[in-house]
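Novice: Here's a structure for you.
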Amino acid sequence: MLAKRIIPCLDIKDGRTVKGVNFVDLRDAGDPVEQAQIYSEQGADELVFLDISATHEKRKTLADLVRRVAAQVNIPFTVGGGISTVSDVALLLEHGADKVSINSAAVRNPAVIDELASHFGSQCITVTVDARQIDQAWWIHLNGGRIATDRRLQEWTLEAADRGAGEILFTSMDHDGTKGGFANTITAELARLLPIPIIASGGAGEMQHFADAFVKGQADAALAASVFHFNEISIPDLKTFLHQKNIPVRR
Amino acid sequence: MKIVIIDYNAGNVQSVRFALERLHVSPILTNDPEIIQSADKVIFPGVGEAGRTMAWLRERDLDKVIRNLTQPVLGICLGMQLLCAYSEEADTTCLGIIPQKVRRFQARAGEKVPHMGWNQIYNLKGALFPSEVEQKYTYFVHSYYVEPGPFTTATTDYIHPFSAALQKDNFYATQFHPEKSGDPGSLILQEFLKLRT
């Protein structure tokens, strides 16, 4: 049976791990390579690295980091942040990334999803979306949530899937950093709507929240950062907890 | 021992190299036919698109080179699918080494495509699988699959049972990524490295 995935996310700035609370007030949480290794040994199913400082001059630093992570860990990992072209993706895959995630570039130019999927296969193209609920509707936001768009979450993720995205990483800006649980109602709606896997992100605070994301939210994977980085939840304990709730996990 | 990874126009070649280096083996990445032919073992990895990749192989005559290899060959993911006869992905004629068709998964409620994540492998047969790997989780990422058949050496279930691994003669293949499958994956790669050439 396909296991539900637990994915620690490492936000990277200048080669270091950081995690913002509601995307501001960044806190330094350590060395990404060392953390990746620890998470892998603890039973994380995948890792996501989001380079929030990504600019073209920093691209080489990111690629070096990707190579060091790939040399160490034997589980899959996704790299995102500022990716917009075939050459960006090729560089990261060549350095050992398994998947890449694209966000703003895809909203600005949706055809990039088709292009990347046809070059590299849908399997390694994750489309990341940040959304916020305003007057009952969910709207896509860009640049870490700072820029609102006129794209609705459901319509955009469906288009991304049609264009060849392999999975959707959905962060609820309203839940991120609150530790009050994932956005399960809308996640379940997306899970019904989309033909591709969905990773729920934003709001993890306790182990029950993960169980809720899988059962109520019907997510295929759940992503969190600070609860793992600051040892508030240990991955082995979380896997045991989920197993006891009859949720299929890799142990 | 000379281990060659066929370095072709698709992803995850580096991941396979790193996995072998963690096992203290230094593979050669190449698309040079002579080096491939002279290897003790050949790994044919792949994440990518079937049609584009077959065209790339044919342009370099690597399709013929691979077909004629007599040393142990390990196809991974797309590499496994390309060893088969035909893939529904881009309506592609593949290498035809293993007489099987590669079909696209049909998504249904609660079961998405691609099949992405960790799944248990069972009914293990053949030299790649030590007994402790039975029922262990390995990592899959794919939208196309091979039905269980006479060459199936491992099975997994998603939407329906399908081939997690195949073997015909010296051609071994896994649909999952042993290079990304934690400790069970490392064990499987070690078994491949131990095969007699």
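The values are calculated or read from the model by the stated rules, or taken from the named source; none is laboratory data. What you are looking at is a predicted structure, and each value in this text was computed from that prediction instead of being measured. Note that each Cβ is placed from the backbone with ideal geometry, even for glycine, and that neighbours are counted across all protein chains shown. Protein only, heavy atoms only, side chains kept; ligands, DNA and RNA dropped before computing areas. Shrake-Rupley method; radii C 1.70, N 1.55, O 1.52, S 1.80 Å.
Novice: Does residue B:66 satisfy the criteria of being buried (at least 22 other Cβ atoms within 10 Å of the Cβ), away from every other protein chain (no Cβ under 14 Å) and within 30 Å of residue A:37 (Cβ to Cβ)?
Specialist: When the stated conditions are applied, residue B:66 does not pass them.
Novice: Now a separate question. In the list B:14, B:106, B:37, which residue meets the criterion of being under 21 Å from residue B:188 (Cβ atoms) and either open to solvent by 10 Å² or more (accessible area, probe 1.4 Å) or at pLDDT below 95 (or both)?
Specialist: The unique qualifying residue is B:14.
Novice: If we keep just the residues of the stretch B:125-142 that are open to solvent by less than 30 Å² (accessible area, probe 1.4 Å), more than 7 Å from chain A (Cβ to nearest Cβ) and within 16 Å of residue A:45 (Cα to Cα), which is nearest to the chain's Cα centre (by Cα)?
Specialist: Here the answer is B:140.
Matching residues to (1) aliphatic (A, V, I, L, M); (2) open to solvent by 10 Å² or more (accessible area, probe 1.4 Å); (3) within 14 Å of chain B (Cβ to nearest Cβ):
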residue: A:104; (1), (2), (3): no, yes, no
residue: A:119; (1), (2), (3): no, yes, yes
residue: A:125; (1), (2), (3): yes, no, yes
residue: A:144; (1), (2), (3): no, yes, no
residue: A:158; (1), (2), (3): yes, yes, yes
residue: A:169; (1), (2), (3): yes, no, yes
residue: A:178; (1), (2), (3): no, yes, no
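Novice: Among the residues of the stretch B:12-44, what is the count of those that are within 27 Å of residue A:99 (Cβ to Cβ) and touching a Leu at 6+ places or on another chain (Cβ under 8 Å)?
Specialist: The qualifying residues number 14.
Novice: Can you name the residue in the stretch A:209-232 that is without any contact (Cβ under 8 Å) to a residue 60 or more places away in the chain and open to solvent by less than 10 Å² (accessible area, probe 1.4 Å) and, of all such residues, is farthest from the chain's Cα centre (by Cα)?
Specialist: Within the stretch A:209-232, the match that is farthest from the chain's Cα centre (by Cα) is A:211.
Novice: For the stretch B:56-106, name all the residues that are on the phi > 0 side of the Ramachandran plot and in a helix (DSSP H, G or I).
Specialist: B:90, B:91 - these are the residues of the stretch B:56-106 that are on the phi > 0 side of the Ramachandran plot and in a helix (DSSP H, G or I).
Novice: Within the set of pairs 6 or more residues apart or between chains, which connect a residue that is more than 7 Å from chain A (Cβ to nearest Cβ) inside the stretch B:110-124 to a residue that is of a type in the set (S, T, N, Q) with Cβ atoms less than 6 Å apart?
Specialist: Listed by first residue and then by second, the contacts come to B:121/B:138; B:121/B:156; B:122/B:135; B:122/B:155; B:123/B:155.
Novice: Got a number for residues in the stretch B:146-167 being open to solvent by 20 Å² or more (accessible area, probe 1.4 Å) and within 14 Å of chain A (Cβ to nearest Cβ)?
Specialist: Qualifying residue count for the region: 4.
Novice: Would you mention how many residues in the stretch A:142-188 are under 25 Å from residue A:114 (Cβ atoms) and part of a helix (DSSP H, G or I)?
Specialist: 11
Novice: With respect to residue B:50, is the statement that it is under 21 Å from residue B:163 (Cβ atoms), surrounded by fewer than 16 Cβ atoms within 10 Å (Cβ to Cβ) and of a type in the set (Gly, Ala, Ser) true?
Specialist: no
Novice: Do we find that residue B:26 is within 14 Å of chain A (Cβ to nearest Cβ), of a type in the set (S, T, N, Q) and surrounded by fewer than 17 Cβ atoms within 10 Å (Cβ to Cβ) in this structure?
Specialist: Criteria met by residue B:26.
Novice: Here is a further query. Determine which member of the set A:165, A:200, A:188 is within 14 Å of chain B (Cβ to nearest Cβ), more than 26 Å from residue A:98 (Cα to Cα), under 18 Å from the mean Cα position of the chain (by Cα) and not basic (Lys, Arg).
Specialist: Of the residues listed, the single one that is within 14 Å of chain B (Cβ to nearest Cβ), more than 26 Å from residue A:98 (Cα to Cα), under 18 Å from the mean Cα position of the chain (by Cα) and not basic (Lys, Arg) is A:188.
Novice: Oh, and also: Taking the stretch A:203-239 as the search range and keeping residues that are in a helix (DSSP H, G or I) and under 17 Å from residue A:188 (Cβ atoms), which one is farthest from the other protein chains (Cβ to nearest Cβ)?
Specialist: By that ranking, first place goes to A:208.
Novice: Restricting attention to the stretch B:168-181, does a residue exist that is among the aromatic types (Phe, Trp, Tyr), within 14 Å of chain A (Cβ to nearest Cβ) and not in a strand (DSSP E or B)?
Specialist: Within the stretch B:168-181, one or more residues are among the aromatic types (Phe, Trp, Tyr), within 14 Å of chain A (Cβ to nearest Cβ) and not in a strand (DSSP E or B).
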